[in-house]
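Just below is one structure, and these are the notes that go with it.
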Amino acid sequence: MLPSPFEFERPSTITDAVRAFGDSGDGMFYSGGTELLLAMKLRVIHTDRLIDIKSILGLDRIALTDANDIEIGARCTHNKIARDPVIRQYVPALSSLCANVANIRVRSVGTIGGNLCFGEPHADPPTMLAALDARLVLQGASGTRLVHVDDFIKSELETVREPDELLTVIVFPRPTGPVTYRRFKHGERPSVNVAMVWSMDAAASTITSARVRVGALGSRPQPLKGVEDALRGLSVAEVRPAIEAVLPTALDELEVNEDRHGAADYKRHLARVLLLRNADEAIAAGWSA
Amino acid sequence: MSGIDNMGSVRPDLIEKVTGRAEYVTDLTVPGMLHGFVVRSPAVHARIVSIDSSVARSMDGVVDVLIGEDVASFGNWGVVLKDRPIIATDRVRYVGEPVAVVIAGTIEIAENAAELVDVEYEDLPRATTIQEALAEEAPLIHEHHENLEDFYFRGGARPTENSNIFHTYRSCVGDVDAAEAAAAFIHEDHFTFPAISHFAMEPHAVIADFRGDSLTVWAGAQTPSAVQKVLSRLFGLRLARVRVIVPFVGGGFGGKASVKIEPLVAAASWKVQRPVRVAQSIAESMLTCRRLGADITIRTAVDAEGRIIANSAKLLLDGGAYSDTGSAVATKSANRIMGPYVVPNVRLEACAVYTNTVPGAAFRSIGGPQAVWAKESHMDNVAAAIGMDPAEFRLLNLASRGERIRPDLRALDMDMSELMGRVTQSFASEVKASDRQERGLAVAATDPANTPISNAIVRLKIDGSILVSVSSIEVGQGAHATMGRIAAQTLKQPISAVTVLRTDTSVAPYDWGTGASRSTVVVGLSVESAALDAADQILEMVADVWELPRENLLFVEGGVSTGSEVLTFHQIFHRSLGVDSGEVIGRGAITPRSKKGALAESPLFWETSAGLAEIVVDEDTGEIHVPRYASAADVGRVINRVAAEGQDEGAAIMGLGHALYEVLEFEDGQPINATPIDYSIPRISDVPPVFDTILVENGDGPGPGGAKGMGEGAILPVAPAIANALFSTYGIRITDLPMTPEKVWRALQKRN
Ligand SMILES: Cc1cc2nc3c(=O)[nH]c(=O)nc-3n(C[C@H](O)[C@H](O)[C@H](O)COP(=O)(O)OP(=O)(O)OC[C@H]3O[C@@H](n4cnc5c(N)ncnc54)[C@H](O)[C@@H]3O)c2cc1C
């Protein structure tokens, strides 16, 4: 239960961190280490070099920008996000998600960036961030690029990130409607989770658009297109029947893995339960612009 | 707890633990110590074609690599059946079986080199479940069965030649067939119970130091005398030359009982003739042993009034690749499925079966959770089938105090109806958790194999301080503090005067071991008798030297009262011995002959419990919440209330674990969740917010002050109590554990 030998570097700038990969391109970023060290100790991940990004300043900021975007630094721990005043004010559902991820040890050192970059399908934040339409800022040797969370996770434990690209910031528009999130878990990680984000019109009476993501069922969060389409232009009072009408078909279109978290029909059913509970919460919450 | 004044009453081991001073095996270093890392089989059942350890051996810092052929000549070991090689030799029988130990200067080097040991396997046909192992053409996991009679427990195993059945136990009373023919109603059920991991916070860790014809072992062993005996026989060493030292142990639950990795580590030390330490991870310990899974058919016949007239049960237990104490688990499961009921006609059969999975082992209330899960679920089914209230059905059939459940077992020494009443009262009296009536009840009576064989030494020193020496281990249950308290109370001295020595077989006298809820009673009695022996020697001196009649002499704090004055121990020793020094050594022994044979009959006491659960089910997801639980046990007398309640609560929450969360899963023999990440145990947030522990004290136990043993019983009723609440409120009957949300949801779907 000890990792195989590796070299260790602790750069203090992003440029040095990216450069640390050198020509071999060998190495891995080390943030909180809650996934990485575990996997290295189990010897399912081998790396010759760890590049510790904890000394890079400015990677753990949370802010609301002038453009009304919320930015979360990739080095923010779950605990930090849970307690942050900006997040609590504008996206309380994300704050409570982070307050309930994993266990207290993981929350106090594990980061949102590490969570995304590991690409574990049974995770909470990716589903929520995809519903929030978040973009990820990746900085590598050949420059900086923006990737939508929806496009970031390719498959189980695999993302589009190049090994020497550092995830620096997560950006998403400040929500203009209720944000709801629910997960079901029996064991260490979520079996299913559902996030729903509504954008409301100026009068706060009509849903101008909706984003719904179901996580943990397939290799990455999946949109419920049918539900999103059905919600567009509805008043809050019309939501429940509209969702119920399209839900069976929408759920059937989901890719669902059978795994230790349950059989496909059960997990589809749970997605339905969570989505309807989210809808009820969003309806009950009311929204004032 | 207010201030320093009360520190004297705090268990000394707890102070050591919270200050970080307490030493566990992994805190120890022995001069010259090397580290071993175990290479394990990835194969379910395979022939070992070759082992190439040359590359590993050539690594810097690697001292040697132990493999099977090095130690094959020592032969097999076991505690009931001699079926286990020190390390796999020609064949592996489960995933996780040790095939090599890399021995190196550091643990890092050993683990890195372990990846370089190249083992070639050739798969053999496998039998990974009870059904596969019992099938007509099943491969034999062991070709021969070598039984060791009376080696660890009384008796031995009854294996069936040319089969995977390594033990069968049968018990018949009356005539079940005739009773069934006359019955008003007969009901049969089938239940299964999964393999469960002990999941002790401290995994198995052992240091062994082989020096010529002597061997010292530091191990978190629950039964040091069994370790000593097995090592002595295996390596041909005299018992007095095998020393087993047990520092603090971070959880055992049976997973460290009998003998586990000690022979392997001793062999590694033998090979290099230096001390070797092997400290497993939790994941490795999950591949070392586990509770036996079970497949149980149970049938009950009742008369027109609802009286049970016949009971039969067939229990098949999944013993894994090596038998360990699986035969005893099977026997106990048959005894424990009877429950606290009077039934005139009984037919029980239990078989323990080899499978190509992690070896089964003793686990808190051996065979009990499996049996009681089936029995108490079945009781509610029978009650429902005949239209009776389940509590009334139980009350009608309970054995009363003094009545025998079976002729060959001691008469029941408690009132189960009292325990049932107390848990029901607990729900009625406390602030209501809710108005719901979603409740289920279960009861259990078990016969611990408490083996009345123990010795203790109590030394009283000139300054009134007392040393207690026993072989009981301190595994968090507070045994050492209890022994100290018994010595202090018997000698009328303050608890602060007593020191209990750490377990060391070269100092402490023989005892059977720590398990089967026996220490407070059996070891406690030997401590009591050793203390009385020490007191006797003091009184003898006073009577002799002061020329006083003994009947006037009384022990008081600090010395002996003669009636007219108090003589300090100092005065007594000084004047009696002529010098200002000395001690008396009191010796206490408990054997089946002690107390005029009163301890000989089995069980020494009945370990009983009743549990009442209230549940709330999220019918959309199938998730069960337990907002409230009451647990009652008849413990005779409480010696340390905090420790006793802690044991009861801990056992109940362990029961909640296998009820709702836990299962060590195998897919065609491959363990698929044998890591602490993938295996779920209950957390503090899963503990019922309202939890009541009721300890009934009638001072009627065989132990000191009328104590009975405890600490295992409360694990038993939890799962069936929850299942019975599901049955009575939601109309679904779950027959296999754990009761996961998915299972509950499917049952609800089926009902609709
Ligand atoms: C016991 C346990 C339970 C858990 N339960 C849950 C749960 O219920 N829900 C859930 O969502 N998650 C859960 N997790 C996952 C947890 O959220 C992550 O472990 C944590 O967020 C990872 O962050 P880290 O900083 O420790 O990442 P690390 O372990 O340091 O890194 C993880 C991976 O990401 C890469 N990486 C890290 N940061 C960056 C970066 N800025 N740029 C590029 N690459 C990077 C690393 O190279 C590595 O490959 C659990 C984890 C554990 C150990």
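The values are calculated or read from the model by the stated rules, or taken from the named source; none is laboratory data. Quick caveat: nothing in here was measured; it's all calculated off a predicted structure. Methodologically, a virtual Cβ is constructed for each residue, glycine included, from the backbone with ideal geometry; neighbour enumeration extends over all protein chains shown. When the accessible area is computed, the model is the full protein with side chains, heavy atoms only, and any ligands, DNA or RNA have been set aside. Shrake-Rupley method; radii C 1.70, N 1.55, O 1.52, S 1.80 Å.
Annotations
- Matching residues, region A:156-178, being away from the ligand (no atom under 15 Å from the Cβ) and either of a type in the set (V, I, T) or open to solvent by 20 Å² or more (accessible area, probe 1.4 Å) (or both): A:P173, A:R174, A:T176
- Only one of the listed residues (B:I466, B:I453) is over 30 Å from B:R404 (Cα atoms) and either of a type outside the set (D, E) or open to solvent by less than 10 Å² (accessible area, probe 1.4 Å) (or both). That residue is B:I466.
- Set A:A102, A:A67: member being in the same structural domain as A:L167 (by TED's automatic domain parsing), under 27 Å from A:K185 (Cα atoms) and part of a loop (DSSP other than H, G, I, E, B): A:A102
- Hey, B:P720 more than 14 Å from chain A (Cβ to nearest Cβ) and open to solvent by 10 Å² or more (accessible area, probe 1.4 Å) or not: no
- Count of residues meeting criterion [surrounded by fewer than 21 Cβ atoms within 10 Å (Cβ to Cβ) and either among the polar types (S, T, N, Q) or without any contact (Cβ under 8 Å) to a residue 40 or more places away in the chain (or both)] in region B:598-617: 1
- Summed over region B:681-708, the residues that are at pLDDT below 95 and in a loop (DSSP other than H, G, I, E, B) give a count of 1.
- Some residue of region A:269-285 being open to solvent by 10 Å² or more (accessible area, probe 1.4 Å), outside any helix (DSSP H, G or I) and away from chain B (no Cβ under 14 Å): no
- Of all the residues in region A:115-129, those that are more than 8 Å from the ligand (Cβ to nearest atom) and buried (at least 23 other Cβ atoms within 10 Å of the Cβ) number 3.
- Qualifying residue in region A:188-202 (condition: open to solvent by 40 Å² or more (accessible area, probe 1.4 Å), within 11 Å of the ligand (Cβ to nearest atom) and at pLDDT below 95): yes
- Scanning region B:63-76 for residues that are touching a helix residue (DSSP H, G or I) at 6+ places or on another chain (Cβ under 8 Å) and open to solvent by 20 Å² or more (accessible area, probe 1.4 Å) yields a total of 5.
- Hey, A:T15 on the phi < 0 side of the Ramachandran plot and either open to solvent by 30 Å² or more (accessible area, probe 1.4 Å) or without any contact (Cβ under 8 Å) to a residue 40 or more places away in the chain (or both) or not: yes
Quick grid of which residues meet (1) assigned to a helix (DSSP H, G or I); (2) open to solvent by less than 20 Å² (accessible area, probe 1.4 Å); (3) closer than 21 Å to B:R641 by Cα; (4) of a type in the set (D, E):
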site: B:I473; (1), (2), (3), (4): no, yes, yes, no
site: B:G484; (1), (2), (3), (4): yes, yes, yes, no
site: B:T520; (1), (2), (3), (4): yes, no, yes, no
site: B:A530; (1), (2), (3), (4): yes, yes, no, no
site: B:A534; (1), (2), (3), (4): yes, yes, no, no
site: B:E540; (1), (2), (3), (4): yes, no, no, yes
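- Boolean, B:T621 is within 14 Å of chain A (Cβ to nearest Cβ) and more than 21 Å from B:G706 (Cβ to Cβ): yes
- Within region B:666-710, considering residues that are within 14 Å of chain A (Cβ to nearest Cβ) and within 20 Å of the chain's Cα centre (by Cα), the one least open to solvent (accessible area, probe 1.4 Å): B:P682
- Counting only strands (runs of 3 or more DSSP E) that sit wholly inside region B:51-141, those with at least 1 residues that are within 14 Å of another protein chain (Cβ to nearest Cβ) are B:98-104.
- Region B:238-250, residues that are assigned to a loop (DSSP other than H, G, I, E, B) and open to solvent by 10 Å² or more (accessible area, probe 1.4 Å): B:R238, B:P247, B:G250
- Residue under evaluation B:G713, criteria (1) more than 13 Å from chain A (Cβ to nearest Cβ); (2) open to solvent by less than 40 Å² (accessible area, probe 1.4 Å); (3) in contact with a Lys or Arg (Cβ under 8 Å, 6 or more places away or on another chain), criterion not met: (3)
- Looking only at residues of region A:254-264 that are modelled with pLDDT of 95 or more and more than 9 Å from chain B (Cβ to nearest Cβ), we find that the one that is surrounded by the fewest Cβ atoms within 10 Å (Cβ to Cβ) is A:E255.
- Residue in region B:544-552 that is of a type outside the set (S, T, Y) and in contact (Cβ under 8 Å) with a residue 60 or more places away in the chain present: no
- Out of A:I87, A:I112, one residue alone is under 24 Å from A:V192 (Cβ atoms), away from chain B (no Cβ under 14 Å) and away from the ligand (no atom under 15 Å from the Cβ). It is A:I87.
- Pick from region B:313-346, criterion of a type in the set (S, T, Y) and under 29 Å from B:L140 (Cα atoms), ranking: surrounded by the fewest Cβ atoms within 10 Å (Cβ to Cβ): B:Y322
- Single unsatisfied condition, A:T34 versus (1) within 14 Å of chain B (Cβ to nearest Cβ); (2) modelled with pLDDT under 95; (3) buried (at least 19 other Cβ atoms within 10 Å of the Cβ): (2)
- Yes/no for A:A99 being away from chain B (no Cβ under 14 Å) and more than 9 Å from the ligand (Cβ to nearest atom): no
- Among the candidates A:I104, A:I70, A:I81, residue that is touching a Cys at 6+ places or on another chain (Cβ under 7 Å) and more than 9 Å from the ligand (Cβ to nearest atom): A:I81
- In region A:130-142, the residues that are out of contact with any Pro (no Cβ under 8 Å at 6 or more places or on another chain) and either surrounded by 15 or more Cβ atoms within 10 Å (Cβ to Cβ) or at pLDDT 95 or above (or both): A:A134, A:R135, A:L136, A:V137, A:L138, A:Q139, A:G140
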